[in-house]
Structure formats: C-alpha cells, structure tokens
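Engineer: Pasting a structure here, questions to come.
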Amino acid sequence: MSAASVRSVTPPPAFQPSLRVFSPDPPAVRPTPQQTDDGRLVLTPELSAEIAQASAELETATPQEILRWSIARFAPKFTMATAFGPEGMVILHMLSEFAPETPIFNLDTGYQFPETLALRDEVARRYGMEVELKRATLSVEEYEAQNGGPVYRHSPDRCCHNRKVEVLEKAVLGQHAWASAIRRDQSPDRAKAPIVGWDKKFGLVKVSPLANWTKKQVWTHITEHNVPYNPLHDNGYTSIGCWPCTRAVGVGEDERAGRWSGFAKTECGLHSQ
Ligand code: SF4
C-alpha cells in the first residue's frame, strides 16, 4: 500500500484510569492509527506493537477497564456486534453505564428466535440503547427461492457466510475496532483469543473483554445487576443462534453442543480466522 493511500486519524482523547491500576501509553507516544481512503484500518508495525502491548497490559484488567481503554482509544470507531447472548448482554450492560452511545448492531439473519429479537426492545427500554439490525440484501424468502430451499439444511457454512459474515463485512466498514463477547473457556478455538488482537478477517482491532471470565462470572453479573437475558436459557438452550441450528442441550453436554447439531461445524465464521 502506498503512503499516499493512507491518512492519519485524529488521536483519541486521553485515557481516564478507572478503579484498578492500569496505565496504557499516554496519547503523546501512542502511534496514530492509519486508514485507507475507503476507511479500512491499516495494520502498521506500530499498531501491531501497540495491540500486543495493550493486550499484555490488559490481561489482568477488569472487563470494564478493557472497554474503557477500547473506547478511549478507538471511539467513535469502536463498535460491537451482539446476538444478545448472556456475554453480550453483560457487555451491553457495562457499556450502558459509561458509553451508551457506542454503536451496536445485530446480524439479523432472518432465522432468529422471536425471544432473541424481543431482547432488542428490552435493551432499548432498559438502557435507552438502540441495537441496529443489519441484514443480508436478500430476504429469507428470496434467498431460499434462489437456492432451492433452506441452505442451512445442507450447507450451514455457506448459509452463515451469506447471512452473517458478508453482512458483518459491510457493517464494520469504516470502524477501527469491535468488541467480541467470547470467553476463552468456551472452546479450544476461543482459548487462544487475546484480550486485544488483530482480526485479519475483517481488518479490525478485536477486543474481547470477557476472555478471562467464566460462565459462572457471567451469570453472577447478570443476576447481581438484573441484566435482561434470553428466556430460552431457562429451557436448556445454553448457546443460542438461529432457530434452525440451535437445540437445547442435555445434562453433561458441552454448552455449545446445541449449535449446528449433526454437523462438524462449531463456529459461524465470525470468530475463526
Ligand atoms: S446459524 Fe444456521 S440459519 Fe443461521 S446463518 Fe448459520 S446456517 Fe444459516
């Protein structure tokens, strides 16, 4: 990429330390992010080094501290995609306390449970935050007609790519960083997630504030703060995606065993590089 094709971005405001001790680089010595003319972040050696340093420093920080750092560094180009899972609801709750203006969106595949979509209204009512629905160009009816029926029945990878990954690619154009709600203890793939990393698939800095949290910590936070959650969780649905690809899990099953049951697939493609 030529130097002429990149331009500097205004440095973010100074970071305000929160309750615990954490001191990222002061803005004066922080490398300035660069982006292409079409709004894509450029992974310069300086940004790469900054990501590695921030990730190491934030390894023992609280989720709130990680989110505050992300906002100080990248807002208003810091965003979050949520499927309204328990982890996403916890992050939404935290953001509502100090950064409710954060742009948040949901990948509305057209196959979500009504209970999932109802949470969008609950978030608006409870927190005054609007979660934008991002959709594929083709409606479910058009998509299925074009493909001779439901694609998820035989090619869930393709369906997820068309209904989620391609939509996310468009949704994050112009953004510099996004928050993910993954936990390291959810799967071997997720166990390697850094707190702050480079998401090469989408060309963004990816922040995982709950990477070090356990399922128990998430549900304790939900209970203590009365955070709204999907009622399907009370009926054995430990991980919830689209209705055709989600089932309740039995006793002793992995928490993600109900996703794409019967297929080797374990991820929708948003969090695999
Ligand atoms: S989870 Fe299932 S229905 Fe939803 S996009 Fe993926 S394959 Fe399609």
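No lab work stands behind these numbers, since they all come straight from the coordinates. What you see is a predicted model, and the numbers here were worked out from it, not measured in a lab. Neighbour counts run over all protein chains shown; Cβ positions are idealised from the backbone, glycine included.
Engineer: What FRET efficiency comes out for ARG153 versus LEU133 if R0 is 25 angstrom and r is the Cβ-Cβ distance? Round to the nearest 0.05.
Structural biologist: 0.55
Engineer: Then there's this: Express in nm, to one decimal, how much length is gained between THR214 and ASP234 on full extension, taking 0.36 nm for each residue of separation and deducting their alpha carbon distance.
Structural biologist: My answer for the length gained is 5.4 nm.
Engineer: Using modelled backbone amide H atoms (1.01 Å from N, in-plane), which distant-in-sequence or interchain residues come within less than 5 Å of ASN106's amide H?
Structural biologist: THR82, GLU132, LEU133, LYS134
Engineer: Given labels modelled 7 Å from the Cα in the Cβ direction, how far is it in nm from THR36 to GLU166?
Structural biologist: Here the answer is 2.0 nm between the modelled labels.
Engineer: Counting only C-alpha contacts under 8 Å and six or more residues apart, can you give the relative contact order of the range 37-235 as a whole percent? List each step's numbers first, then the result.
Structural biologist: Values: 269 pairs, mean separation 60.0, N = 199.
Here the relative contact order equals 30 percent.
Engineer: What is the extension gain from GLU59 to GLN146, computed as 0.36 nm multiplied by their sequence separation minus the C-alpha to C-alpha distance, in nm to one decimal?
Structural biologist: 26.7 nm
Engineer: Just report the Cα centroid separation between the range 34-51 and the range 170-206, whole Å.
Structural biologist: So the separation of the two Cα centres works out to 15 Å.
Engineer: In Å, the Kirkwood hydrodynamic radius of the range 147-208 over pairs of distinct alpha carbons?
Structural biologist: It is 13.3 Å.
Engineer: Using every pair of alpha-carbon atoms in the range 37-235, split the distances into 10 Å bins beginning at 0 and state the percent of pairs per bin, rounded to integers.
Structural biologist: 8, 33, 37, 18, 3, 0
Engineer: Can you give me the distance in nm between label points at GLU224 and ASP185, each placed 7 Å from the Cα along the Cα-to-Cβ direction?
Structural biologist: Output for this residue pair reads 1.5 nm.
Engineer: Right, here's the next one. For the range 56-114, what's the radius of gyration and Dmax over Cα atoms, in angstrom?
Structural biologist: When restricted to the Cα atoms of the range 56-114, Rg and Dmax are 12.8, 40 Å.
Engineer: Moving to a separate point now. In Å and whole numbers, how far do the C-alpha atoms of the range 22-152 stretch along each principal axis, longest first?
Structural biologist: Principal axes ranked by extent give 55, 36, 24 Å for the Cα atoms.
Engineer: Over the residues of the range 125-273, compute the C-alpha Rg and express it relative to 2.2 N^0.38 Å.
Structural biologist: Rg over 2.2 N^0.38 Å, computed on Cα atoms: 1.13.
Engineer: Run the numbers for ASP121 and GLU253: contour at 0.36 nm per residue of separation, minus the present Cα-Cα distance, in nm.
Structural biologist: 44.4 nm
Engineer: Could you sort 170-182, 120-132 so that the peptide with the highest average Cβ count within 10 Å comes first and the rest follow in order?
Structural biologist: Put in order of decreasing packing, that is 170-182, 120-132.
Engineer: Name the lysines eligible as straight-distance cross-link partners of LYS164: C-alpha to C-alpha under 27 Å, and not fewer than 8 places from it in the same chain.
Structural biologist: The reachable lysines, counting only those whose Cα sits under 27 Å from LYS164, are LYS77, LYS134, LYS192, LYS200, LYS201, LYS206, LYS215, LYS265.
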